[in-house]
Each structure stands twice: as structure tokens, then as C-alpha cells.
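This report concerns only the one structure given below.
The values are calculated or read from the model by the stated rules, or taken from the named source; none is laboratory data. Everything numeric in this text was worked out from a predicted model, so none of it was measured. All Cβ positions, glycine included, derive from the backbone under ideal geometry; neighbour counts span all protein chains shown. The accessibility values were calculated without ligands, DNA or RNA, using every heavy atom of the protein model including side chains. Shrake-Rupley method; radii C 1.70, N 1.55, O 1.52, S 1.80 Å.
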Amino acid sequence: MLPVRAAVLYTALLFGANPAAADIAAADALRDGDMKKLNFSEAQPLPAIGLVGMDDAPRSLEEFRGKWVLVNFWATWCPPCRKEMPSLGALQTEFGGATFEVVTVATGRNAVPAIDKFFAEAGVTHLTALRDPKAELAREMGVAGLPVTVVLNPEGAEVGRLIGDADWHSAEARAVLTALMQ
């Protein structure tokens, strides 16, 4: 099946298809393992709902425009979130920088000390931690359960979504993300 998808991608590029769409097509062709749960879609603008930082200062996903962003909605009480958080940290260590960022959004009532404890227990010290205390952004984006991870393109629009936990540092996840960012 992979050679057929690659041929379709090549043909689309040959006839002037949108390169951003080609990136998604290439990434879609590589979905395997946990990444089979990742669904791509037409770019959807994000709702203009603010978040807060760990210090209660206003924050926004707009801060990350210009980068590919993996936004992980999670909560301190969520066992699958605990399972996947170390892989998100490892992904940020490997891919994070000028063109990619992993951003975590603690959704609902998650006290700052509980978030700090969660990250310490998960061994994660370098992920951007934002909060959505009233779950306003999560609700507007249709996040019904946790965890949910959303892929944002550099223009800040949602292009992919994975419901449930995943190993974000697996070879499959890294291949899909690398294809997207080409």
C-alpha cells in the first residue's frame, strides 16, 4: 500500500499540488503503530481562547506561530496521560527548537503543585506547561476525553488529532512528524 500512496503523492506534486497538503499526504502514508490513531484533516483555525501559564500569567498558543506544535491536552488525574508524558518529553528533547515544540495544556482543575508533582514523577522537566483551568479551549476544540493531542501547522491551524495515549517518541511517530515538517 505504501508504494501506491507514494505514487499518488509524487503525481500530486508533479501537477502542482499544495506543498502543505503534500506534507500531510506523506505523513499520512507513514502512519503505523500508535500513529494509526492520528487523523489528519483540512487546516482548522483555532478558537481565540487564552490559556494561563504556571505563574497564572496569560498565555496563548499564538506564541508558537511559525513552528509545528504538538499540543497535548491532559490532566493530573489521567493514567494514560501519565503513561505518555515521558514520550512527549523525549520528543521535545529530540525535535524541539526553532521549528517544533511540544506544548502541554492541563485541562480543567489541575493545581500548580499537582502539575509540578506530575512532571517530577514522570521525569519531565523541559516541556512548556500551560493551563486551561475552565476547560474553555478544550471544550471549544471538542476535546471530550483525555489525553488528546493536536498537531498545529506553522500558521497555527489544527491539521491532525490523536485521541488517547501514544508513544510520541516511537520510530513511527518521529517518521510521521518528520514527513510533516519537510
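Overview of results
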item: For the chain: relative contact order, % (alpha-carbon pairs under 8 angstrom, 6 or more apart); result: 34
item: Within-13-Å neighbourhood charge of Glu121 [Cβ basis; K, R +1; D, E -1]; result: +2
item: Cleavage-rule hits, GluC sites (Glu not before Pro), region 99-164, DSSP coil, Cβ neighbours within 10 Å at most 12; result: Glu155
item: Per-residue [θ]222 nm for the chain (sum of -39500 (n - 2.57) over DSSP H runs n ≥ 4, rounded to 500); result: -11500 deg cm²/dmol
item: Nearest-20 debye value, region 66-168 charge dipole, Cβ charges on Lys, Arg, Asp, Glu; result: 280
item: Proximal charge balance of Phe64 [Cβ under 14 Å; K/R count +1, D/E count -1]; result: -2
item: Helix 2-14 vs. the chain, principal-axis angle (Cα, 0 to 90°, nearest 10); result: 80
item: Coil-residue trypsin sites (Lys or Arg not before Pro) of region 100-155, DSSP, other Cβ within 10 Å capped at 14; result: Arg109, Lys134
item: Of Gly89, Gly145, Gly108, the one that fluctuates the most in a GNM where the chain has Cα springs shorter than 10 Å; result: Gly145
item: Diffusion coefficient, µm² s⁻¹, Stokes-Einstein with Kirkwood Rh over alpha-carbon pairs of the chain at 37 °C and 0.692 mPa s; result: 196
item: Accessible area per residue in Å² at 1.4 Å probe, computed on region 81-182; result: 41
item: Percent antiparallel among DSSP beta bridges (both partners in region 23-106, rounded to 5); result: 20
item: Distance from region 89-107 to region 124-176 (C-alpha centre basis), Å; result: 10
item: Beta bridges per DSSP with both ends in the chain, % antiparallel, nearest 5; result: 60
item: Within region 60-146, chymotrypsin sites (Phe, Trp or Tyr not before Pro) in DSSP loop having at most 13 other beta-carbon neighbours inside 10 Å; result: Trp77
item: Net charge contributed by nearby residues that have their C-beta within less than 10 Å of Ser87 (K/R +1, D/E -1); result: -3
